[in-house]
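The values are calculated or read from the model by the stated rules, or taken from the named source; none is laboratory data. Please read all numbers here as calculations on a predicted model, not as lab measurements. So basically every Cβ, Gly included, is an ideal-geometry build from the backbone, and we count neighbours across all protein chains shown. Only protein heavy atoms, including side chains, enter the accessible area calculation; ligands, DNA and RNA are left aside. Shrake-Rupley method; radii C 1.70, N 1.55, O 1.52, S 1.80 Å.
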Amino acid sequence: MIVKKRIFPLRILINDAVLRRLPPIHSKRNEVLQDQMKAWAGHKGEEALDYYTSLIHEEQFHIFQGIRLSSGSNHFQIDSLLLSPAFALIIEAKNMAGTLTFNAPFNQMDRSLNDKTDTFEDPLLQAKRHRLLLQKWLQTNHFPHIPIEYLVFSSNPSTALRNPHNDPEVYNRVCPPGKIIFKIEDFLSKYKREVLSVKEHKKISNVLLRSDEPSPSHLHQFKIPSEDFLTGVQCPSCSMYAMERYAGTWNCTHCGATAKDAHKQAIEDYFLIISPTLTNKQFRHFIHLNSPKLSTKLLSKMDLKPHGTTKGIYYTTI
């Protein structure tokens, strides 16, 4: 059964908000676009993995999609963790087009695409590192020793996989889409003896779920000053920040379009790229409103949590 379901990546939501609010000629725009392309590729690879793992008999596993755990001073995130009473399986998803060549002696992988070759860390090394960190996490939380296997899932069916050094680990643990189910079945056949009791299996799952920590914002890596972001309410028709509020409706001074709740996107953008807290004054400044009373009315109709009283009130999303 799926104990922890994958959520839509915060990274993609933040990048979308940044791209909406950056001027078209901003120097950081291309950097954000490149990051967004990688984020979407990763998410689609994880979704493909979720599809294939849904084909197995789910009652045999507790499945954790995109679980992020603390390893002390750092964190590690596993794309999919399958936990059975007999063993655990780490699966790392990679969604890369072109030709992937595994250079096992140097723990590297080359990707060739459009007459260009880029070198990356061998994803098997990442999977093994996550296995070590998960072993330490289980030990720290005083759980019984359990065998931990690992696989790398290449989600793009058109990607060519090359293993010039004939490394058996690459053959055995790097899986194109059609192979992943059979590898899982192989592990089920290999591990017949249950290491965990029903109670222990459930307890580990519960602690894993409680220990899951959402990914933090990555916005700081772009080093974009907040004053660089465009303010105002974006028109849903022409995308210009030219909407004004009157007669209970947002009206675009550029194309003439109207919208009842166009400010909702602005509020979402604010929480994603400006601050986790929002006051009435900050809201008015961000969406170009003059009326504190109208601002309070609009904020009260949003699914936000108020804190404080009177002039000190501020809002958060949780």
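Could you say whether any residue in segment 30-52 is of a type in the set (Lys, Arg), touching a helix residue (DSSP H, G or I) at 6+ places or on another chain (Cβ under 7 Å) and open to solvent by 50 Å² or more (accessible area, probe 1.4 Å)? No - not one qualifying residue is present in segment 30-52. Among the residues in segment 108-116, are any of a type in the set (Lys, Arg), crowded, with 17+ Cβ neighbours inside 10 Å and touching a helix residue (DSSP H, G or I) at 6+ places or on another chain (Cβ under 9 Å)? No, there is no match, as no residue in segment 108-116 is of a type in the set (Lys, Arg), crowded, with 17+ Cβ neighbours inside 10 Å and touching a helix residue (DSSP H, G or I) at 6+ places or on another chain (Cβ under 9 Å). I'm trying to understand the selection: among the residues of segment 149-171, which are assigned to a loop (DSSP other than H, G, I, E, B) and surrounded by 15 or more Cβ atoms within 10 Å (Cβ to Cβ)? Matches in segment 149-171: Ser155, Asn156, Thr159, Asn163, Asp167.
Within segment 282-309, can you find the residues that are of a type in the set (Val, Ile, Thr), farther than 20 Å from Tyr241 by Cα and assigned to a helix (DSSP H, G or I)?
Quick first cut of segment 282-309, residues of a type in the set (Val, Ile, Thr) only: 287, 296, 309.
Filter once more, keeping what is farther than 20 Å from Tyr241 by Cα: 296, 309.
Result: Thr296, single match.
Taking each residue of segment 164-177 that is over 25 Å from Glu46 (Cα atoms) and looking for partners that are part of a helix (DSSP H, G or I) and open to solvent by less than 40 Å² (accessible area, probe 1.4 Å) with beta-carbon atoms closer than 6 Å, six or more apart or interchain, yields His165/Ala104; Asp167/Ala104.
Among the residues of segment 216-225, those identified as open to solvent by 60 Å² or more (accessible area, probe 1.4 Å) and either modelled with pLDDT under 95 or not in a helix (DSSP H, G or I) (or both) are Pro216, Lys223.
Comparison of Gly98, Gly66, Gly72, Gly42 shows that the only residue that is within 26 Å of Lys223 (Cα to Cα) and of a type in the set (Gly, Ala, Ser) is Gly42.
Got a sec? Which of Ile146, Ile204 is at pLDDT 95 or above, surrounded by 16 or more Cβ atoms within 10 Å (Cβ to Cβ), in a helix (DSSP H, G or I) and not hydroxyl-bearing (Ser, Thr, Tyr)? Spell out how you get there, then give the answer.
Values: Ile146 fails: in a helix (DSSP H, G or I).
Sole residue among the options that is at pLDDT 95 or above, surrounded by 16 or more Cβ atoms within 10 Å (Cβ to Cβ), in a helix (DSSP H, G or I) and not hydroxyl-bearing (Ser, Thr, Tyr): Ile204.
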